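S.K.: Before we start, here is the structure in question, set down as structure tokens.
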Protein chains: 2
Amino acid sequence: MALKVYGISKSTCTTRVLTCLGEKGVEFELVPVNMSVGEHKQPAFISKNPFGQIPALEDGELTLFESRAITRYIATKHKDQGTDLLKLDDLKESAAVNAWLEAEAHHYNPAISPIVYQRMVIPVFYNGTPDEKIIEAHVEKLNKVLDVYEEKLSKTKYLAGDFFSLADLHHLPYTFYLMQTPEAKLIESRPHVKAWWEDISSRPAFKKVAEGMK
Amino acid sequence: MALKVYGISKSTCTTRVLTCLGEKGVEFELVPVNMSVGEHKQPAFISKNPFGQIPALEDGELTLFESRAITRYIATKHKDQGTDLLKLDDLKESAAVNAWLEAEAHHYNPAISPIVYQRMVIPVFYNGTPDEKIIEAHVEKLNKVLDVYEEKLSKTKYLAGDFFSLADLHHLPYTFYLMQTPEAKLIESRPHVKAWWEDISSRPAFKKVAEGMK
């Protein structure tokens with residue numbers, strides 16, 4: 001029985017999981033969640049994710065929530081197939097992967113997600129106008145984070161070292177949407193960040209997922 | 001050579017690491033960082049943590065940043081001594097630990113940390129007055145998160161199951177400070193959350209660390 005991902009193809013957190021499955025060559029079924037009628041807040045979905053957010057995973061009898069826990073589970077269970085995303089056999093390399101996974105979670109994501117929300121979600125889903133003050137405040141934060149990334153990527157090809165890892169992969173969905181906004185310049189103006197973005201976003205697993213994000 | 005933790009004993013992120021070291025029975029040296037003179041923004045420290053934040057770890061030739069990556073490293077390296085914090089030998093249990101680690105990072109921490117900042121940091125370090133609007137907004141968020149925790153903890157003794165794990169441990173530092181504010185009632189009013197808090201905060205490893213947090 002194929003593993004089931006409950007989510008939608010335009011969701012950043014869902015696509016984080018789908019890209020990981022693609023890198024590992026794991027078959028799956030994407031089960032759509034109808035968020036417009038609040039399906040994610042109903043008991044059937046809450047039993048899969050108590051916070052009522054997409055995605056959720058079902059793998060046989062295991063159910064799991066939080067996209068970053070799901071990718072870690074997939075990368076661990078299928079350690080020996082596809083791309084080696086966690087470097088579990090090397091304590092030093094895996095420690096570096098984990099540090100940059102946390103950098104994405106605690107520095108990059110809090111800075112980039114409100115920009116994408118204002119630029120892409122507010123106008124498209126709520127027919128509203130982006131709040132430029134929120135964007136400005138988060139551009140300032142993202143600039144600081146990207147200065148650190150630029151320095152790191154001038155020394156190693158990817159965030160955790162000279163190998164593509166889950167830490168790079170986790171950056172893909174939000175950056176994909178950022179690149180469709182005027183704030184794409186934050187990436188484009190930094191040569192090493194730009195080269196890194198062009199590299200990781202052109203990997204076949206993500207290119208396939210990105211088709212569904214348009 | 002003992003492992004070195006660069007940080008301070010009152011910092012939530014530093015104590016997260018120190019508690020983990022205590023649970024694993026790993027010896028360490030705490031190297032104080034003088035933040036009042038900006039030592040954490042100087043090149044010597046930036047080489048350890050590019051974001052210029054405490055803590056950082058030195059273990060022989062390895063340097064590492066981000067408290068949650070450091071605890072994962074310690075729990076992995078010393079897997080077979082002290083408390084089994086990650087359940088690495090059981091795919092299903094480790095997946096549950098990871099889901100609740102992400103819950104702490106993406107639900108609990110963003111809700112609780114601004115409350116603790118307003119109630120404890122602003123008056124003590126900046127001689128300022130807490131912003132009650134910020135507190136109110138985050139109390140609302142924390143209430144929702146704690147409702148999910150209360151439900152989960154009515155079914156299992158700890159977050160990931162009937163075993164204490166790194167997911168529980170990561171909640172200790174911020175909750176310790178919350179319990180010294182009027183918002184302690186958010187914990188005390190929920191019987192299962194309260195029992196869980198009393199249990200995890202009375203573990204010897206944390207009690208020792210908490211002495212330095214006062």
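S.K.: Any chance you could count how many residues in the stretch A:32-61 are among the hydrophobic types (A, V, I, L, M, F, W, C), open to solvent by less than 20 Å² (accessible area, probe 1.4 Å) and assigned to a loop (DSSP other than H, G, I, E, B)?
M.R.: Kept after step one, since they are among the hydrophobic types (A, V, I, L, M, F, W, C), are these residues of the stretch A:32-61: A:33, A:35, A:37, A:44-46, A:51, A:54, A:56-57.
Imposing the further condition that a residue be open to solvent by less than 20 Å² (accessible area, probe 1.4 Å) reduces the set to A:33, A:45, A:56-57.
This time we only want the ones that are assigned to a loop (DSSP other than H, G, I, E, B), so: A:33.
Looking only at that region, the number is 1.
S.K.: For the stretch A:89-105: of the residues being more than 8 Å from chain B (Cβ to nearest Cβ) and more than 19 Å from the chain's Cα centre (by Cα), which is surrounded by the most Cβ atoms within 10 Å (Cβ to Cβ)?
M.R.: Out of the qualifying residues, it is A:Glu93.
S.K.: Here's another thing I want to ask about it. Which count do you get for residues in the stretch A:20-47 that are of a type in the set (Val, Ile, Thr) and over 21 Å from B:Ala96 (Cα atoms)? Spell out the reasoning first.
M.R.: If we filter the stretch A:20-47 for residues that are of a type in the set (Val, Ile, Thr), which is where we start, we get A:26, A:31, A:33, A:37, A:46.
Then keep just the ones that are over 21 Å from B:Ala96 (Cα atoms); that gives A:31, A:33, A:37.
Going through the stretch A:20-47 one residue at a time, the tally reaches 3.
S.K.: (1) without any contact (Cβ under 8 Å) to a residue 40 or more places away in the chain; (2) more than 24 Å from B:Pro114 (Cβ to Cβ): which one isn't true of B:Lys208, the others all being true?
M.R.: Failing condition for B:Lys208: (1).
Conditions tested, residue by residue: (1) within 22 Å of A:Asp168 (Cα to Cα); (2) touching a helix residue (DSSP H, G or I) at 6+ places or on another chain (Cβ under 7 Å); (3) outside the structural domain of A:Glu102 (by TED's automatic domain parsing).
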site: A:Thr15; (1), (2), (3): yes, yes, yes
site: A:His40; (1), (2), (3): no, no, yes
site: A:Phe45; (1), (2), (3): no, yes, yes
site: A:Pro50; (1), (2), (3): no, yes, yes
site: A:Tyr73; (1), (2), (3): yes, yes, yes
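S.K.: Pick from B:Lys141, B:Lys194: which is within 14 Å of chain A (Cβ to nearest Cβ), of a type in the set (Lys, Arg) and within 30 Å of A:Thr63 (Cβ to Cβ)?
M.R.: Details: B:Lys194 fails: within 14 Å of chain A (Cβ to nearest Cβ).
Of B:Lys141, B:Lys194, the one residue that is within 14 Å of chain A (Cβ to nearest Cβ), of a type in the set (Lys, Arg) and within 30 Å of A:Thr63 (Cβ to Cβ) is B:Lys141.
S.K.: Tell me whether the stretch A:16-31 contains one or more residues that are facing chain B (nearest Cβ under 10 Å) and either without any contact (Cβ under 8 Å) to a residue 60 or more places away in the chain or crowded, with 21+ Cβ neighbours inside 10 Å (or both).
M.R.: No, the conditions are met nowhere in the stretch A:16-31.
S.K.: Turning to a different aspect of this structure: For A:Gly128, work out the one condition from (1) more than 30 Å from B:Thr156 (Cβ to Cβ); (2) touching a residue at least 12 places away in the same chain (Cβ under 8 Å); (3) of a type outside the set (Lys, Arg); (4) touching a helix residue (DSSP H, G or I) at 6+ places or on another chain (Cβ under 6 Å) it doesn't fulfil.
M.R.: A:Gly128 satisfies all of (1) more than 30 Å from B:Thr156 (Cβ to Cβ); (2) touching a residue at least 12 places away in the same chain (Cβ under 8 Å); (3) of a type outside the set (Lys, Arg); (4) touching a helix residue (DSSP H, G or I) at 6+ places or on another chain (Cβ under 6 Å) except (2).
Quick grid of which residues meet (1) modelled with pLDDT under 95; (2) closer than 24 Å to B:Leu91 by Cβ:
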residue	(1), (2)
A:Gly38	yes, no
A:Pro43	yes, no
A:Ser47	yes, yes
A:Pro55	no, yes
A:Glu58	no, yes
A:Leu64	no, yes
A:Ala69	no, yes
A:Tyr73	no, yes
A:His78	no, yes
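S.K.: Would it be correct to say that B:Val193 is modelled with pLDDT of 95 or more, touching an Asp or Glu at 6+ places or on another chain (Cβ under 9 Å) and open to solvent by less than 40 Å² (accessible area, probe 1.4 Å)? Before the answer, list the steps.
M.R.: On the way: modelled with pLDDT of 95 or more: yes; touching an Asp or Glu at 6+ places or on another chain (Cβ under 9 Å): yes; open to solvent by less than 40 Å² (accessible area, probe 1.4 Å): yes.
So B:Val193 passes the test.
S.K.: Moving to a separate point now. Do you know which of the residues in the stretch A:123-147 that are at pLDDT 95 or above and among the hydrophobic types (A, V, I, L, M, F, W, C) is surrounded by the most Cβ atoms within 10 Å (Cβ to Cβ)?
M.R.: A:Leu142
The values are calculated or read from the model by the stated rules, or taken from the named source; none is laboratory data. What you are looking at is a predicted structure, and each value in this text was computed from that prediction instead of being measured. As a convention, Cβ positions derive from the backbone with ideal geometry for all residues, glycine included, and neighbour counts pool all protein chains shown. Accessible surface is based on the protein model in full, side chains and every heavy atom, while ligands, DNA and RNA are left aside. Shrake-Rupley method; radii C 1.70, N 1.55, O 1.52, S 1.80 Å.
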